[in-house]
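Just so you know, all these numbers are worked out from the coordinates, no wet-lab data involved. Values in this document were obtained by computation on a predicted structure and should not be read as measured data. Cβ coordinates were reconstructed from backbone atoms using ideal geometry, including for glycine residues, and neighbour counts include every protein chain displayed.
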Amino acid sequence: MTTLTKGMELFFENAVQMQESGDDATQAISMTKYFCSEQLQRVVEIAVRVVGGRAYFEFEPVSRYYREAPFCLFAGGTVEIQKMLIARTLSI
Ligand SMILES: Cc1cc2nc3c(=O)[nH]c(=O)nc-3n(C[C@H](O)[C@H](O)[C@H](O)COP(=O)(O)OP(=O)(O)OC[C@H]3O[C@@H](n4cnc5c(N)ncnc54)[C@H](O)[C@@H]3O)c2cc1C
């Protein structure tokens, strides 16, 4: 979970740097949104495995993460749309 979270942070920091440099940050931002949205699912899935049955009860914070993590797959530009934006930046 820490490794995946670190990967997300690195994507995010790179996208911020690209944006602040004034270069076209479309690819970096879309890759960040795509990568982080997907990795979040994995991190939350592991969290559910760690807490077990408690993940189904509202007093357990993981229950909210489990319910809301899939939202990141489509809110603010779906994963599929991010992939299309990335593809457009490739010179192939
Ligand atoms: C609780 C909630 C809060 C929200 N808040 C906001 C907000 O504050 N501001 C805001 O702007 N929006 C908000 N939204 C809307 C959200 O951004 C949209 O749900 C999102 O843009 C996806 O649009 P859609 O749900 O109409 O899905 P659709 O566009 O119908 O897409 C359905 C599926 O088809 C895929 N798809 C669509 N077109 C293509 C294509 N051409 N190629 C390949 N795959 C494709 C999508 O990736 C998705 O998986 C919110 C949604 C919810 C549920």
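List of remarks:
- Only Lys, Arg (+1) and Asp, Glu (-1) charged, at Cβ; the chain dipole about Cα centre in debye: 320 debye
- For region 17-92, applying the loop criterion from DSSP together with a ceiling of 16 other beta carbons within 10 Å to the chymotrypsin sites (Phe, Trp or Tyr not before Pro) yields F57, F59, F74.
- Among V50, V79, V62, the residue with the largest mean-square fluctuation in a Gaussian network model of the chain, with springs joining Cα atoms closer than 10 Å, is V50.
- Projected label distance in nm at Q41 and L73, using a 7 Å step from Cα toward the beta-carbon: 0.4 nm
- Selection from M8, P61, V48 lying farthest towards where the dipole of the chain points positive, charges on Cβ: V48
- For region 1-26, backbone nitrogen atoms closer than 18 Å to the point 7 Å from Y65 Cα along Cα-to-C-beta are found at 1-10.
- Two tests apply to each whole DSSP H helix in the chain, Cα reach of 20 Å or more along its axis and mean Kyte-Doolittle hydropathy of at least -0.5, and the ones passing both are 2-21, 26-51.
- L4/E58 FRET efficiency (R0 30 Å; Cβ-Cβ; nearest 0.05): 0.75
- Full-extension gain in nm, D23 to R88, via 0.36 nm per residue minus C-alpha separation: 21.8 nm
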